[in-house]
Amino acid sequence: GQLPTWLQGILLRNGPGMHTIGDTKYNHWFDGLALLHSFTFKNGEVYYRSKYLRSDTYNYNIEAKRIVVSEFGTMAYPDPCKNIFAKAFSYLSHTIPEFTDNCLINIMKTGDDFYAVSETNFIRKINPQTLETLEKVDYSKYIAVNTATSHPHYDSAGNVLNMGTSIADKGKTKYLLFKIPPSVPEKEKKKSCFKHLEVICSIPSRSLLHPSYYHSFGITENYIVFIEQPFRLDIVKMATAYIRGVSWASCLSYHKEDKTWFHFVDKKTKKEVSTKFYTDAMVLFHHINAYEEDGHIIFDIIAYADNSLYDMFYLKKLHKDFEESSKLTSIPTCKRFVVPLQYDKAAEVGSNLVTLPSTATAIKEKDGSIYCQPEILCEGIELPRINYDYNGKKYKCIFATEIRWGPVPAKV
């Protein structure tokens, strides 16, 4: 086939690229040093360019000729002798150690600028034409977050909307929804747009020492959709991971006996809907889309019955028999939840409050909370994308890869 001549522009991509430095190797596929990719479409042709993100992490590792900066699945020790007292001294001084700036997951656009991002408080500005690495931005200088998602949203005014977890605020662990403007006022042209970052809403974690892990969130015309899942990070274990010689990933655990809570934040009032909505335990990484209809919020996600997906990508498992020997214990399932924000408060306990045509249910409980069960749209898809013009709106199409019992995509 041929590329259409009207297709003009640059497609930027990001991901792990280097897994071995000197005699050392990362433990997990998602730990590899970030490799930036650009595909330039012009006059029916495409030109490819790639370059490693020159993060501080990259520079430290290359200079040392071995891994000296820890990643989520790999704990590294700058001191080769691994002296226990040196480790204790350097890490007990702060509960959450400083994270890597190896921003390898996604590309975020803020105004006319582009940033490589991951799930830490660091992002790196890049030149989209040359892939040159520019300045480092630390979210924590502008907002009290230790982590942030790598899947932000963009509203019609060009603002970036994102969520982060604040762990180190005197034990008051919470989730923060924040907004980054696309530009700054004319009189402040030399200032960064991050100086005008605004916290929209704060959601307290149900467990101060065990905040939920989340990779993305949803957005509708009037609401933010945040799911607090029972796949949680143990802060105490994380604070001592370096001393114990284990990775931060080992501090994540799935509590299948717990509930999954839904939070809806009104973008206008900046307040959370007071009704408690929940469903059964599940693990999710990707929201697909969400929208409003007749007093309901409809949101679609890819969910799992356990947390086996991350474990499959440890490098020791990535061998020639990977596809045959590695099987997911939970197939990814596309679930649609239909949540009635407006309902008859006099409805009987046990009644289904969903009035739209759907097999999804929302059952009123004795304590006033609402138990939601989804409609299953399909099984075996991941890495969902939509036409972003329909983000937060009723839509028809999902673009995804087919992933069934193995993690290797079979179809698009």
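The values are calculated or read from the model by the stated rules, or taken from the named source; none is laboratory data. Computed from a predicted structure; not experimentally measured. Cβ: placed from backbone, ideal geometry, glycine included. Neighbour counts: every protein chain shown. Heavy atoms of the whole protein, side chains included, go into the accessibility calculation; ligands, DNA and RNA do not. Shrake-Rupley method; radii C 1.70, N 1.55, O 1.52, S 1.80 Å.
Among the trypsin sites (Lys or Arg not before Pro) within region 187-230, those in coil by DSSP and having at most 12 neighbouring Cβ atoms inside 10 Å are Lys189, Lys190, Lys191.
Computed on protein heavy atoms with a 1.4 Å probe, the accessible areas place Arg49, Arg66 in the order Arg49, Arg66, largest first.
Amide H contacts for Lys276 (H built 1.01 Å from N in the peptide plane; partners 5 or more residues away or on another chain; cut-off under 5 Å): Ile370. Shown for the chain: the carbon plus sulfur share of the solvent-accessible area, taken with all protein chains present and a 1.4 angstrom probe, equals 53%. Calculated mean residue ellipticity, 222 nm, the chain: -2000 deg cm²/dmol, from DSSP H runs (n ≥ 4) at -39500 (n - 2.57) each, averaged per residue and rounded to 500. Within the listed set Ser216, Ser55, Ser140, the residue fluctuating most in the Gaussian network model of the chain (springs between alpha-carbon atoms under 10 angstrom) is Ser140. Other residues with beta-carbon under 9 Å from the beta-carbon of Ser38 carry, at +1 per Lys or Arg and -1 per Asp or Glu, a net charge of +3. Springs join every pair of Cα atoms under 10 Å in this Gaussian network model of the chain, and among Gly44, Gly32, Gly164 the largest mean-square fluctuation is at Gly44.
Per residue, the accessible area of the chain comes to 50 Å², computed with a 1.4 Å probe over protein heavy atoms only. Considering only Leu377, Leu233, Leu197, the Gaussian network model of the chain with Cα springs below 10 Å gives its largest mean-square fluctuation to Leu377. Heavy-atom accessible surface of Glu221, to the nearest 10 Å², is about 140 Å², with a 1.4 Å probe and all protein chains retained. Under 5 Å between amide hydrogens, built in the peptide plane, is the criterion, and for Ile297 it picks out Val339, Leu341 among residues at least 5 positions away or on other chains.
Between the listed residues Met18, Val160, Ile62, the Cα displaced farthest toward the positive end of the dipole of the chain, a dipole computed from Cβ unit charges relative to the Cα centre, is found at Ile62. Farthest toward the dipole's positive end in the chain, which of Ile288, Val339, Gly368, given Cβ charges of +1 (Lys, Arg) and -1 (Asp, Glu) about the Cα centre? Most positive-ward Cα: Ile288. Shown here: semi-axes √(5λ) of the Cα gyration tensor in Å, derived from the displayed model; of the candidates (1) 33, 29, 21; (2) 48, 22, 21; (3) 34, 27, 24, it corresponds to (3). Note: relative contact order over the chain, using C-alpha pairs below 8 Å and six or more positions apart, is 10 percent. Only lysines eight or more places from Lys327 in sequence, or on another chain, were considered; those with a Cα closer than 16 Å are Lys316, Lys317. With viscosity 0.890 mPa s and temperature 25 °C, the Kirkwood radius over alpha carbon pairs of region 207-404 converts through Stokes-Einstein to a diffusion coefficient of 134 µm²/s.
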